[in-house]
Amino acid sequence: MTDLTDLYQEVILDHNRSPRNFKKLEDANRTADGYNPLCGDHFTLYLKVEDGVIRDIGFQGAGCAISKASSSIMTASLIGKSVAYAEALFDRVHKMLTGGSSATADAEELGKLAVLSGVANFPARVKCASLSWHTLRAALKDEQGVTSTE
Amino acid sequence: MTVLREVKSAPQSWAEPEVAFDVARIRQDFPILAQRVHGKPLVYLDNAATAQKPQSVIDAIQRYYSVENSNIHRGVHFLSERATEAYEGGRIKAQRFLNASSTRETVFVRGTTEGINLVAQSYGRRFLKEGDEIIITAMEHHSNIVPWQMLCEQVGARLQVVPINHDGELLVDEYRRLLNERTKLVSVAHVSNALGTINPIKQIIEMAHSYNVPVVVDGAQAAPHMKVDVQDLDCDFYVFSGHKLYGPTGIGVLYGKEALLEAMPPYQGGGDMISLVTFEKTHYNVLPFKFEAGTPHIAGGIGLGAAIDYVNRIGLDAAGAHEQNLLEYATRALSAIDGLRIIGTAKEKASVLSFVLEGVHPHDIGTILDREGIAIRAGHHCAMPVMQRFGVPATARASFAFYNTKEEVDALVKAMDKVIEVFGS
């Protein structure tokens, strides 16, 4: 049986308590809203993208521990990285969350993001973990409107 | 079936009624309750979402498909007569359950949502026009908001919302203020699904009637917990869902006063709702069939009848008293938890307990409780305006049925310790 501690790992609880980059970027040139109508999670993601590089990133909003920690870890992983890197990371994280990849194989590559691999065993929570990632993709594509997990 | 037994002594802090409810015996009627979830005994506290089904309901559905299955109202053969009798038998039970004056007033629908949509699209589009007003309340389920918004858009009417106080009670004076000669319809929940508030609907109906305004009552959360007498209430429409009343999903009842239903156009066209069709003109069927186009959920109607029989055997008064005991016990126990806030503290409440815990999102509470075998609902309960009113994104909600026990409440409280342990708050 999957244990609760696979989901609520210390790193996740830490990011939930003290989310990184939990701020509004006044000079953001890409923003998107992410919304999970199932549970009411709602985040706004702010990006400052220059020359194909994410110079700064921040988020604000409210949600469960999983969605908040996932957003926090995501922002920490993307500062200073290229848009192409972010898009590739989206694919890998998506695969990990939906159980499409082996967590151990990806652990090194994904670094801290691997703590989210436990979510794959809690299907009801996959949308929580993927919310900010879908929002990221919308922001990078500069899509208008609200991204929804439904 | 015997469900009552004498009780000799009552433990403290648990108000035993004179003749106690034999919950252990009742639980045996619900096969699903015997299972284990994640290695723990299932504690099902999500009854406001849907209730579990007693064996008698499961048997009735199985019997229908095993030996009665046939289409209704049209066959001359044995099985069709038998199916028709069983299905219409379910309607008679529903009529008596609501104390409607005849089965012409009890329309089978898919559930409460469809019932409200039927009234909005049939009554609303026929009788409401630009500038008219529809009154709802701030504690409505989305299914008693959105159909009226759609109607408003179609006919140019306006939606007025009666506010609630911080306990989740309707502000009757505000309601009085909103009622006027432009008001053409009032639609209100009998019991709030997110807060548990029991609304003073008799008073609400009286006040609306003083302006000759008909009232729709969303009874989805009330019908499973208290006796409903539509003639005593004098409501114009009353809707409930079978699946929250221990019956199958996909079936519900719309009660409507006969004169109103007669004046309303059909909701959908098709078979069963007509008496004569030519390409020039179609004559509609009599009530209630005018509103029942197509082959209905026959097994559902039969299953709902069996559920009503079951609930009548248990007795809603005794069931309601037991549920009130559970609610009071759980309210006391949960209130004692540091940082826990109960959302919905109306004086008159049904067995719904919504709460939030400081620093922990309801969704995380739901996942941790699930691992302890406890099923609750976490989210906005399809009542997002209620969440906004109380300034929370979501709540955790435990909702009780008559088969729940004090020990299950204890398990819930114990599991909340686990939540606090995981989150270290």
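The values are calculated or read from the model by the stated rules, or taken from the named source; none is laboratory data. All of these numbers come straight from a predicted model, not from anything done at the bench. Using ideal geometry, Cβ is built from the backbone for each residue, glycine included, and neighbour counts are taken over all protein chains shown.
Points to keep in mind about this one:
- Test: residue in the stretch B:125-137 that is outside the structural domain of B:G196 (by TED's automatic domain parsing), of a type in the set (A, V, I, L, M) and part of a loop (DSSP other than H, G, I, E, B): no
- If you check B:R341, B:R397 for being assigned to a strand (DSSP E or B), in contact with a His (Cβ under 7 Å, 6 or more places away or on another chain) and assigned by TED's automatic domain parsing to the domain that holds B:F30, only one passes: B:R397.
- The one condition from (1) more than 14 Å from chain B (Cβ to nearest Cβ); (2) in contact with a strand residue (DSSP E or B) (Cβ under 7 Å, 6 or more places away or on another chain); (3) surrounded by fewer than 17 Cβ atoms within 10 Å (Cβ to Cβ) that A:P37 does not meet is (1).
- Among the residues making up the stretch B:87-102, those that are surrounded by 21 or more Cβ atoms within 10 Å (Cβ to Cβ) and hydrophobic (A, V, I, L, M, F, W, C) are B:A94, B:F97, B:L98, B:A100.
- Residue match in the stretch B:313-325 (condition: under 26 Å from B:L412 (Cβ atoms) and more than 19 Å from the chain's Cα centre (by Cα)): yes
- Flag if B:S143 is touching a helix residue (DSSP H, G or I) at 6+ places or on another chain (Cβ under 8 Å), over 25 Å from B:A401 (Cα atoms) and either in the same structural domain as B:V253 (by TED's automatic domain parsing) or in a strand (DSSP E or B) (or both): no
- Filter result for B:A60 (surrounded by 17 or more Cβ atoms within 10 Å (Cβ to Cβ) and free of Cβ contacts under 8 Å to residues at least 40 places away in the same chain): no
- Those residues of the stretch B:383-425 which are under 13 Å from B:S354 (Cα atoms), under 17 Å from the mean Cα position of the chain (by Cα) and of a type outside the set (S, T, Y), in sequence order: B:A383, B:R397, B:A398, B:F400
- Counting only strands (runs of 3 or more DSSP E) that sit completely within the stretch B:210-279, those holding 1 or more residues that are among the β-branched types (V, I, T) and within 17 Å of the chain's Cα centre (by Cα) correspond to B:215-218, B:237-241, B:252-256.
- Counting the residues of the stretch B:33-51 that are within 14 Å of another protein chain (Cβ to nearest Cβ), in contact with a strand residue (DSSP E or B) (Cβ under 6 Å, 6 or more places away or on another chain) and assigned to a loop (DSSP other than H, G, I, E, B) gives 1.
- Within the stretch A:24-69, being of a type in the set (K, R) and more than 24 Å from A:V115 (Cβ to Cβ) holds for A:K24, A:R30, A:K48, A:R55.
- Taken over the stretch A:41-71, the residue count meeting the criterion of being within 14 Å of chain B (Cβ to nearest Cβ) and surrounded by 24 or more Cβ atoms within 10 Å (Cβ to Cβ) is 10.
- In the stretch B:353-397, the residue that is nearest to B:H38 (Cα to Cα) out of those that are within 11 Å of another protein chain (Cβ to nearest Cβ) and among the hydroxyl-bearing types (S, T, Y) is B:T367.
- Restricting attention to the stretch B:402-425 and to residues that are outside any helix (DSSP H, G or I) and more than 14 Å from chain A (Cβ to nearest Cβ), the residue that is surrounded by the fewest Cβ atoms within 10 Å (Cβ to Cβ) turns out to be B:T405.
- Among the residues of this structure, B:D309 counts as one that is within 20 Å of B:S56 (Cα to Cα) and acidic (D, E).
- Unique match (being in contact with a Phe, Trp or Tyr (Cβ under 6 Å, 6 or more places away or on another chain) and surrounded by fewer than 24 Cβ atoms within 10 Å (Cβ to Cβ)) among B:A318, B:A293: B:A318
- Of residues in the stretch A:1-34 being in a strand (DSSP E or B) and of a type in the set (G, A, S), the one farthest from the other protein chains (Cβ to nearest Cβ): A:A32
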